[in-house]
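**Student:** Can you read through this structure? Questions will come right after.
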Amino acid sequence: MSSGHDLSGSWEGVFTYPGGDMPTTPFVLKARHQGNAFTGEIIEPSIYGGRTISAIASGVCTDRQLDFVKTYRTTGMTYGTPVDYKAIVSADGLEVTGVWSLPEWAGTFEMHRDALPAPRAETEAEASVPIAAKVSLTEDN
């Protein structure tokens, strides 16, 4: 079962490092959420200064629990240790809070959006399927 909310769209967030030794880091996530599948692209400033870095997110969202892995990339290539994220989606679908972890480090993160995405329009092929068939295809077995 999904979270009940489509998490697709633009999210703004921050993550913190353990011990408060490093500054809170802002990020932007452009997410795609279909069924339980959650993917996206993350942009954040480099902790080494002067530039931004990007990462890909890939995971699942079930029963308001969001679990994904962030893998940094440069020029289409991935690098570094993937970062594990575990979070809870708020009841209204506008906030996500949780923790990130690496084998030797862990911290917290949160992200929010201003509004829910507009409902997805049916494609012409979907619209041509009779309602009875749609119901039988979407019922939980």
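Where a number appears in this text, it was derived from the coordinates with a stated rule and is not lab data. Because the structure is predicted, anything quoted here is derived from the model rather than measured. Cβ coordinates were reconstructed from backbone atoms using ideal geometry, including for glycine residues, and neighbour counts include every protein chain displayed.
**Student:** At 7 Å along Cα-to-Cβ for each site, give me the label-to-label distance between Thr71 and Thr24 in nm.
**Tutor:** My value for the distance between the label points is 3.1 nm.
**Student:** Kindly provide the pair-distance distribution of the stretch 9-116 built from C-alpha pairs, with 5 Å bins from 0 and whole-percent values in order of increasing distance.
**Tutor:** Pair shares across the bins are 2, 12, 22, 29, 19, 11, 4, 1.
**Student:** Applying 1/(1 + (r/R0)^6) with R0 = 30 Å to the Cβ-Cβ distance of Tyr48 and Ser90, what FRET efficiency is obtained, to the nearest 0.05?
**Tutor:** Once rounded, the FRET efficiency stands at 0.35.
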